[in-house]
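These notes are about the structure you will find just below.
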Amino acid sequence: MYKIKVEGIFSSAHNLRGYKGKCEQLHGHNWKVEVDVLAETLDKTGMVMDFNALKKQLNGCLEKLDHRHINRIPYFKKVNPTSENIAKYIFDTVKPRVKNINSVTVWESSSSCATYEE
C-alpha cells in the first residue's frame, strides 16, 4: 500500500456550542490540515497522484474556511465546529474530487489534533 500526504493551513475563528469552558467563547486558531491518500498501485508515472493536484483540491476547500467565523458557514450552523467535525467537513468536501482519500487530520495547535477517516 502506498500513501501520500499534503498539508495546508488556514486561520479562522469559532466557538463551541454546548461546551462549558473557554472554548464556548469566540476564539481563533491557525489550523494545520493534513490529507492522506492511499493506493494499492501507482499510476503510469509511478505516483499515487500528483502532489500539486492534491494540494489544489485541499486549498480550494481551505479557502472557504480561511479568515472566517466557522460557525457562520452553513454546514456549521447545524454541526458544532469542533476539530473532529472540521476534519469530517474537509474530508467530505475533498472526497468527490480525490480518489482514495484516506484521512484528514486537523491540528488546532501544535499539540492537539483530530482525524477523520472512513
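What is the sum of charges, Lys and Arg at +1 and Asp and Glu at -1, for the other residues whose Cβ falls under 15 Å from the Cβ of LYS32? Intermediate results must be reported in sequence, preceding the final value.
Values: positive: LYS5, LYS55; negative: GLU7, GLU34, ASP36, ASP66, GLU108.
Computed value for this residue: -3.
Pairs exceeding a 28 Å alpha-carbon distance, out of LYS3/LYS56; LYS3/LYS78; LYS44/LYS64: LYS3/LYS78; LYS44/LYS64. Assuming charge only on the beta carbon of Lys and Arg (+1) and of Asp and Glu (-1), the dipole of the chain about its Cα centre is about 440 debye to the nearest 20.
A simple spin-label model places pseudo-atoms 7 Å from Cα toward Cβ; at HIS69 and ALA114 they are separated by 2.0 nm.
Taking Cβ atoms as reference points and 11 Å as the exclusive limit, the residues near CYS23 contribute a net charge of +1, counting Lys and Arg as +1 and Asp and Glu as -1. Of the GluC sites (Glu not before Pro) found in segment 1-102, those in coil by DSSP whose Cβ has at most 16 other Cβ atoms within 10 Å are GLU40.
How charged is the neighbourhood of ASN80? Take every other residue with its Cβ under 15 Å from the Cβ of ASN80, and add Lys/Arg as +1 and Asp/Glu as -1. Could the numbers behind the result be given before it?
Values: positive: ARG17, LYS20, ARG72, LYS77, LYS78, LYS88; negative: GLU24, GLU84, GLU108.
Every neighbour counted, the sum reads +3.
Were the residues from LEU38 through TYR19 laid out at 0.36 nm apart, the gain over their Cα-Cα distance would be 3.3 nm.
For segment 1-77, the set of chymotrypsin sites (Phe, Trp or Tyr not before Pro) satisfying both a DSSP loop assignment and a count of at most 14 other C-beta atoms within 10 Å is given as TYR19.
We did not get these values from a lab; they are worked out from the coordinates using the rules stated. On a predicted model such as this, the values are computed, not experimentally measured, just so you know. Using ideal geometry, Cβ is built from the backbone for each residue, glycine included, and neighbour counts are taken over all protein chains shown.
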